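The values are calculated or read from the model by the stated rules, or taken from the named source; none is laboratory data. Values in this document were obtained by computation on a predicted structure and should not be read as measured data. Glycine also receives a Cβ, built like all others from the backbone with ideal geometry; neighbour counts cover every protein chain displayed.
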Amino acid sequence: MAARLLCIDDEAEVRQLVVDMLGLRGFTVDVAANANEGFTGILHNPPDLVLCDILMPEESGFDLLERLSSLSCDHLGPIPFIFLTALADRETILKGRRLGADDYVTKPIDFDILVEVIKARLGPPGLLGRRLERPLTRREAEVLSWAAHGKTSVDIAALLDIGERTVDFHLGNAMHKLGVSTRAQAVMKATLHRLIRL
């Protein structure tokens, strides 16, 4: 059975594009034109995943997520919540993460990326859905967390009062355990596994 998504966006053109493009990729997409419609839709007919704009009239996507987070509705269960927005500045992304958003995809939408994000959140396909056989050590998670904030090995060494080569050693171990070849991939994967928090 195809996953059913809810797209909340005040722009009709965006809603239709999401319906068409994700429909071609096998998803069923319901739509809502504002946060209040989305809130009602989530409560009455919970989707498998929510895609939500941030800047909308009357109530923002942030407001909607706060309303949902304040509820205690056992019938809802965990619903992945992804912001789909043109806002790409660091503070906005951090605010979305802190409010509990599961992911953040910027417009104009790259649907290949969006589909992979959706699949990862609906899980458990592939490696992202499996538990790591070798969990990260405290130090490995620590250096990855600083790397996620844009710190270089030199910066991290100074912050943790260790050598730069030691930082690179821990980063290398973390990348090996996560099965990736770059720091950026390691940060993304560790975040998805909730091994680090941004």
Original post:
Could you list, in sequence order, the residues of the stretch 170-187 that are in contact with a helix residue (DSSP H, G or I) (Cβ under 9 Å, 6 or more places away or on another chain) and assigned to a helix (DSSP H, G or I)?
Top reply: 170, 171, 173, 174, 175, 177, 178, 183, 184, 185, 186, 187
**OP:** Hey, can you tell me all the residues within the stretch 140-198 that are touching a Ser or Thr at 6+ places or on another chain (Cβ under 8 Å) and either over 21 Å from residue 96 (Cβ atoms) or at pLDDT 90 or above (or both)?
**Re:** 157, 164, 167, 168, 170, 171, 173, 175
Original post:
In the stretch 102-116, is there at least one residue being assigned to a helix (DSSP H, G or I), surrounded by 14 or more Cβ atoms within 10 Å (Cβ to Cβ) and without any contact (Cβ under 8 Å) to a residue 40 or more places away in the chain?
Top reply: yes
